[in-house]
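This is the structure I have questions about; it appears just below.
The values are calculated or read from the model by the stated rules, or taken from the named source; none is laboratory data. No experiment lies behind these values; they were computed from the predicted model shown. So basically every Cβ, Gly included, is an ideal-geometry build from the backbone, and we count neighbours across all protein chains shown. To get the accessible areas, we keep the full protein, side chains included, count just its heavy atoms, and leave off ligands, DNA and RNA. Shrake-Rupley method; radii C 1.70, N 1.55, O 1.52, S 1.80 Å.
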Amino acid sequence: MSANRYQQHFTVSWDQLHRDVRALCHQLVERDFKGIIAITRGGLIPAALIARELNVRLIDTVCIKSYDHMDQGGLDVMKGVEHDGDGWLLVDDLVDTGKTARAVREMLPKAHFVTVYAKPEGRPLVDQCLTEVAQDCWIQFPWDMGIAYVEPLVDQVRGQTP
Ligand SMILES: O=P(O)(O)OC[C@H]1O[C@H](OP(=O)(O)OP(=O)(O)O)[C@H](O)[C@@H]1O
Ligand code: HPA
Ligand SMILES: [Mg+2]
């Protein structure tokens, strides 16, 4: 599948991401987890922030790749985990089509699975998420962006005078 299916953008700043992850933690704070499993790479930063809020020190990874930027390819699982996830918190940044989530759920059927963001096709596969966005919306994460100079509006609209 290709980038054409995304008609909108939802840009998430570092600050927004931090606030969203902390809000998600409010839904998790009463539970005890043996540890956290981050789905790399997107799940790593939310997992680190959640670990800090819930005071969890034991962190493992499932290493899996599905997208090359906006283009979805086959699933490539580079590292799994040798248990069924019972008592563990499983974390990813988002669920989109649910392809990644479905594969990880099969590996870790007993884990409590959370994402910060979710699109409708993938939402049923996670136990909890914070924010739902439209299926045709590309979520632009802060680690994929940089701060750049923006030309003043008057110059953008009228062009530079010689
Ligand atoms: O629900 P899906 O359609 O499967 O898409 C969601 C997955 O895609 C992204 O990972 P990606 O494969 O791009 O790798 P990355 O986390 O290393 O960026 C994202 O971090 C999720 O893991
Ligand atoms: O909307 C998205 N944003 C970033 N990475 C992704 N991987 C699948 N969907 C997305
Ligand atoms: Mg990912």
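One residue is enough: does segment 104-115 have a residue meeting the conditions more than 11 Å from ligand 1 (Cβ to nearest atom), surrounded by 23 or more Cβ atoms within 10 Å (Cβ to Cβ), touching a residue at least 60 places away in the same chain (Cβ under 8 Å) and under 24 Å from Cys137 (Cβ atoms)?
yes
Select from segment 117-145 the residues that are under 21 Å from Asp68 (Cβ atoms), in a loop (DSSP other than H, G, I, E, B) and out of contact with any Phe, Trp or Tyr (no Cβ under 8 Å at 6 or more places or on another chain) and list them in ascending order.
Lys119, Glu121, Gly122, Gln135, Phe141, Met145
Take segment 26-44 and flag every residue that is open to solvent by less than 60 Å² (accessible area, probe 1.4 Å) and closer than 23 Å to Asp68 by Cβ. Write out each step before concluding.
To start, the set of residues in segment 26-44 that are open to solvent by less than 60 Å² (accessible area, probe 1.4 Å) comprises 28, 33, 35-40, 42-43.
Hits for segment 26-44 are Ala38, Ile39, Thr40, Gly42, Gly43.
Listed here are the residues, each with its yes/no results for (1) out of contact with any Lys or Arg (no Cβ under 7 Å at 6 or more places or on another chain); (2) in contact (Cβ under 8 Å) with a residue 60 or more places away in the chain; (3) within 16 Å of ligand 2 (Cβ to nearest atom).
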site: Val12; (1), (2), (3): yes, yes, yes
site: Leu17; (1), (2), (3): yes, yes, yes
site: Ala23; (1), (2), (3): yes, yes, no
site: Lys34; (1), (2), (3): yes, no, no
site: Arg41; (1), (2), (3): yes, no, yes
site: Leu44; (1), (2), (3): yes, no, yes
site: Leu54; (1), (2), (3): yes, no, no
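Just to verify a result, which residue in segment 45-70, among those that are at pLDDT 95 or above and assigned to a loop (DSSP other than H, G, I, E, B), is surrounded by the most Cβ atoms within 10 Å (Cβ to Cβ)?
The residue in question is Val56.
May I pose another question? Quick one: in segment 76-99, of everything that is part of a strand (DSSP E or B) and open to solvent by 60 Å² or more (accessible area, probe 1.4 Å), which residue is nearest to Phe33 (Cα to Cα)? Full working, then the answer.
First pass over segment 76-99, keeping only residues part of a strand (DSSP E or B): 76-79, 88-95.
Subset that is open to solvent by 60 Å² or more (accessible area, probe 1.4 Å): 76-79.
Values: Asp76: 27, Val77: 24, Met78: 24, Lys79: 21 Å.
Filtering segment 76-99 for residues that are part of a strand (DSSP E or B) and open to solvent by 60 Å² or more (accessible area, probe 1.4 Å), the one nearest to Phe33 (Cα to Cα) comes out as Lys79.
Of the conditions (1) under 24 Å from Phe33 (Cα atoms); (2) touching an Asp or Glu at 6+ places or on another chain (Cβ under 6 Å), Val104 clears all except one; give me its number.
(2)
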